[in-house]
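The values are calculated or read from the model by the stated rules, or taken from the named source; none is laboratory data. Note that the structure is predicted; figures quoted are calculated from it, not measured. Cβ atoms come from the backbone with ideal geometry, glycine included; neighbour counts cover every protein chain shown. Areas reflect the complete protein model, heavy atoms only, side chains present, ligands, DNA and RNA absent. Shrake-Rupley method; radii C 1.70, N 1.55, O 1.52, S 1.80 Å.
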Amino acid sequence: MAETDFQERRSEPRRRTLKAARILIGKTSILSCIVRNTSLHGGRLAIDSVVGVPDEFTLDVFGEPPRQARVVWKTFNELGIALA
């Protein structure tokens, strides 16, 4: 795909970041991750493996209030999320 063929689908610009966070699944499961970029309503997470990550979870970014997240896309070790 040529660079001119790329079509940006994000409705908001993303800011590069490097923040420690946790994916909270229910009341007992916690997965560590890194927030790689973020916008008001979405972001990209880096994680060791996406195996076991549900389509919806609570994202707890250190220093911020927890937010509900929905998986929009995923690779072996990254998640694109929409935030509520």
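Table for the structure above
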| item | result |
| --- | --- |
| Per-region count, region 46-84, residues among the acidic types (Asp, Glu) and in contact with a Pro (Cβ under 8 Å, 6 or more places away or on another chain) | 1 |
| Every residue from region 14-34 that is part of a strand (DSSP E or B) and of a type outside the set (Val, Ile, Thr) | ARG15, ARG16, LEU18, LYS19, ALA20, ALA21, ARG22, LEU24, SER29, LEU31, SER32, CYS33 |
| Pairs where the first residue, in region 11-32, is within 11 Å of PRO54 (Cα to Cα) and the second is open to solvent by 70 Å² or more (accessible area, probe 1.4 Å) and assigned to a strand (DSSP E or B), C-beta under 9 Å, 6+ apart | ILE23/ILE30; ILE23/SER32; LEU24/ILE30 |
